[in-house]
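What follows is calculated from the coordinates using simple rules that are stated; it is not laboratory data. Remember, it's a predicted structure, so these values are computed and weren't measured experimentally. Here Cβ is always computed from backbone atoms with ideal geometry, including for glycine, and neighbour counts include all displayed protein chains.
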Amino acid sequence: MRVYVMTSDRYLHMLRPFGFLFNKYWSADQEVIVCGFTPPPFSLPPNFRFMSLGRFEDYPINRWSDALIRLLLLIPDEVFGLMFEDYLITRPVHMDAIRMLYDYMVQFKYVLKMDLITDRRFAAGVVPYGHCGYLPLVKSDYNSPYHMSMMAGLWNRNLMGRFVIPNETPWDLEITGTTRVAAAKDSVIVLGTETWTDNRYECPLHHTLAHRGGDPGKLLLDELNPADVEEMIQLGYIKSQS
């Protein structure tokens with residue numbers, strides 16, 4: 001399984017903290033392909049490589065979906081992980097769970113997306129949907145919001161290509177793309193997991209959105225381990241937020 005990380009020229013600086021936390025909490029052996037436009041002016045970790053989707057100026061925000069379409073045409077993977085450069089992992093990843101979910105999607109080719117975080121578990125209108133190994137699954141109902149949420153997940157490349165159209169922003173894709181998925185009924189489904197440990201919900205992957213405010217110069221790091229923040233400051237990967 002490969003993980004693809006979408007970025008843009010404005011957010012290349014996030015690849016350093018992303019890579020640091022990814023390799024600490026996921027694995028330095030996991031293959032990661034960074035998909036952007038201009039290569040970063042610094043070295044990526046050994047398990048990361050950069051793939052250009054074209055010229056940054058050819059993909060303004062209202063053509064963001066065109067870059068995703070380009071990615072889907074370039075990659076060979078039937079099932080792949082998709083993240084963004086500001087999805088900073090906050091704790092150890094359950095790699096065995098992700099591997100089981102990946103194998104499940106390879107077997108059941110009608111699964112469009114497998115949510116790896118809490119997106120599906122806490123969405124309105126989800127229903128139980130059997131198990132994947134020891135993991136209870138939940139399914140998005142037709143009326144559930146954000147079937148096409150870009151939160152971290154595993155995707156079926158061919159199915160995803162059915163619902164991504166040109167000339168959409170990421171937010172357009174999440175909203176209008178959800179309408180397109182809902183209209184497909186049971187020909188495709190979106191799944192997530194439901195596991196409780198010590199009275200808390202435990203998902204395969206926990207990450208924070210470092211740029212929830214939309215300002216590339218401002219990071220939201222309150223969900224990170226303070227020791228990780230301090231180490232990244234010492235490494236020069238991020239600036240002190242004080």
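Counting other Cβ atoms within 10 Å, keep those with at most 15, restrict to DSSP loop, and tell me which trypsin sites (Lys or Arg not before Pro) in the range 1-30 are left. Mind dumping the intermediate values first?
Details: sites: R2, R10, K24; in loops: R2.
For trypsin sites (Lys or Arg not before Pro) across the range 1-30 that sit outside H, G, I, E and B with at most 15 neighbouring Cβ atoms in 10 Å, the list reads R2.
I want to verify a result. In a Gaussian network model of the chain, Cα cutoff 10 Å, which of these has the top mean-square fluctuation: Y11, Y146, Y134?
So, out of Y11, Y146, Y134, the one fluctuating most is Y134.
What are the semi-axes of the equivalent ellipsoid of the chain, taken as the square roots of 5 times the eigenvalues of the Cα gyration tensor, listed largest first and rounded to whole Å?
Working: eigenvalues 149, 100, 55 Å².
In descending order the semi-axes read 27, 22, 17 Å.
Given the rule -39500 (n - 2.57) for each run of at least 4 DSSP H residues, summed and divided by the residues of the chain, what is its mean residue ellipticity at 222 nm, to the nearest 500 deg cm²/dmol?
On the way: 6 runs with 66 residues, N = 242.
Using -39500 (n - 2.57) per qualifying helix, the result is -8500 deg cm²/dmol.
Grab every C-alpha pair in the range 143-194, bin the distances at 5 angstrom width from 0 up to the longest one, and report whole percents.
4, 20, 33, 30, 11, 2, 1
Given a 10 angstrom Cα cut-off, can you work out which residue in D172, D222, D103 is the most mobile in a GNM of the chain?
With Cα springs under 10 Å in the chain, the top fluctuation among D172, D222, D103 is at D222.
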